[in-house]
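The values are calculated or read from the model by the stated rules, or taken from the named source; none is laboratory data. Just so it is clear, the structure is predicted and the values come from calculations on it, not from any experiment. Every residue, glycine as well, gets a Cβ built from its backbone with ideal geometry; the counts of neighbours run over all protein chains shown.
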Ligand SMILES: [Zn+2]
């Protein structure tokens, strides 16, 4: 049997040659049946046969999320002559729409689904998931099918591990199939789970509930998290909570995933020092680009992450901008030695910058610092106005806090962190934790909200 992970021991030149082949293959397929790129290439006077390798990709204008979301059906290859394996839609996922709020379909043919299973097997090897593991999938059931919920099935299926889905989510009165988060916490114990699979803010709450009930999580060895950023403070907090529940040497495996690759870029080491590894450089080419000029930036320079599919048949994207600002490295990983592109920074979105009191501020350092305080159960940063009804009223910063700490101590601590990170003095409001984030209702916690009228944005 061919070693599915052989790609990681190839040299940079060998990987590049495989990627060049992928570019030529996708250009030939797009020329036959990709409505969107046929139009773009024709408008720009680009011949598909002119794009022969990774270098030539720079001639293709980047595809924005908006381009894809306004005409998603035109991004699906139509290949009348292809075998059924490459044409039949095997499943589909949705990526959330940013402009209209309407979810955008992402189609996988059988070819794409088999590829996803193989890539899942590689990811399992990188992070050390084994057939002895029992994965507790704590992603909620949602009305729109998302990557995160289904990925747990793929991993368990392809490595032969056991899987239990805790199936939280917004209750549906007609089809009462979901469980409460309290029930979910108990399921982790009764299923003897060794791996927790979920969104960091939900896992944090689940562990809080488990501590309140007095559950035994001594078998849990890993929390595999994705779906929102997991800061160092939050990582340490999850580990401390797991240890209090009996876990011996638990660690957090942080991943950076998105629907448009149907997998995750993943950490190889326990502390996450090696960054997020691309598990499939033969399927996805990653580059960092300047969105204005479309030029590729070199390693170490922050820029917009763009993905080009090298071996897909359903929805196909070329130089697709995910919206994340990242730094890439092509050096072999100093921790595992794998030769593959790595994202070596915490992905960041420009849209998270907020104009407040006349300046642009980045709330991320504040979120990170507050996530690292173990006594704070939940928090929310609220950008509002002194009089919320009056659009001319001055900007006002509130921080809602749910904590077991003495309120005077907590107030002083949070104000101090706020002054240090964003140089502003907030109003502190103490509230019950479910007022900020009710895990039985929401998909993920909202750490930052902006309640001001649109004209200030
Ligand atoms: Zn590594």
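Numerical summary
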item	result
Residue check, residue 155 without any contact (Cβ under 8 Å) to a residue 60 or more places away in the chain and under 21 Å from residue 267 (Cβ atoms)	yes
Matching option when the condition is within 16 Å of the ligand (Cβ to nearest atom) and either closer than 13 Å to residue 281 by Cα or surrounded by fewer than 17 Cβ atoms within 10 Å (Cβ to Cβ) (or both), among 309, 330	330
Criterion: away from the ligand (no atom under 13 Å from the Cβ), part of a strand (DSSP E or B) and touching a strand residue (DSSP E or B) at 6+ places or on another chain (Cβ under 8 Å) - qualifying residue of 321, 317	321
Single residue of 170, 130, 116 found to be part of a helix (DSSP H, G or I) and touching a residue at least 12 places away in the same chain (Cβ under 8 Å)	116
Members of the stretch 143-167 found to be assigned to a loop (DSSP other than H, G, I, E, B) and touching a strand residue (DSSP E or B) at 6+ places or on another chain (Cβ under 8 Å), listed by number	144, 145, 146, 161, 166
Matching residues, the stretch 27-84, being in contact (Cβ under 8 Å) with a residue 60 or more places away in the chain, in contact with a helix residue (DSSP H, G or I) (Cβ under 7 Å, 6 or more places away or on another chain) and assigned to a helix (DSSP H, G or I)	30, 37, 57, 68, 75
Residues within the stretch 183-202 that are crowded, with 16+ Cβ neighbours inside 10 Å and free of Cβ contacts under 8 Å to residues at least 60 places away in the same chain, tallied	9
Top-ranked residue in the stretch 279-291 [being in a loop (DSSP other than H, G, I, E, B) and within 18 Å of residue 348 (Cβ to Cβ); ranked as modelled with the lowest pLDDT]	291
Hits in the stretch 258-272 - residues which are assigned to a strand (DSSP E or B) and surrounded by fewer than 23 Cβ atoms within 10 Å (Cβ to Cβ)	258
Tally of residues being closer than 25 Å to residue 192 by Cα, within 13 Å of the ligand (Cβ to nearest atom) and out of contact with any helix residue (DSSP H, G or I) (no Cβ under 9 Å at 6 or more places or on another chain) across the stretch 232-291	2
Given (1) in the same structural domain as residue 256 (by TED's automatic domain parsing); (2) touching a strand residue (DSSP E or B) at 6+ places or on another chain (Cβ under 7 Å); (3) buried (at least 22 other Cβ atoms within 10 Å of the Cβ), number of the condition residue 106 does not satisfy	(1)
All positions within the stretch 235-254 that are outside any helix (DSSP H, G or I) and touching a residue at least 60 places away in the same chain (Cβ under 8 Å)	253
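Every residue, every condition in (1) within 16 Å of the ligand (Cβ to nearest atom); (2) on the phi > 0 side of the Ramachandran plot; (3) touching a helix residue (DSSP H, G or I) at 6+ places or on another chain (Cβ under 7 Å), yes or no:
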{"residue": "342", "(1), (2), (3)": "yes, no, no"}
{"residue": "347", "(1), (2), (3)": "no, no, no"}
{"residue": "376", "(1), (2), (3)": "no, no, yes"}
{"residue": "381", "(1), (2), (3)": "no, no, yes"}
{"residue": "398", "(1), (2), (3)": "no, no, no"}
{"residue": "402", "(1), (2), (3)": "no, no, yes"}
{"residue": "405", "(1), (2), (3)": "no, no, no"}
{"residue": "410", "(1), (2), (3)": "no, no, no"}
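Residue-wise test of (1) assigned by TED's automatic domain parsing to the domain that holds residue 234; (2) modelled with pLDDT of 85 or more; (3) buried (at least 21 other Cβ atoms within 10 Å of the Cβ).
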position: 344; (1), (2), (3): no, yes, no
position: 358; (1), (2), (3): no, no, no
position: 361; (1), (2), (3): no, no, no
position: 378; (1), (2), (3): no, yes, yes
position: 390; (1), (2), (3): no, no, no
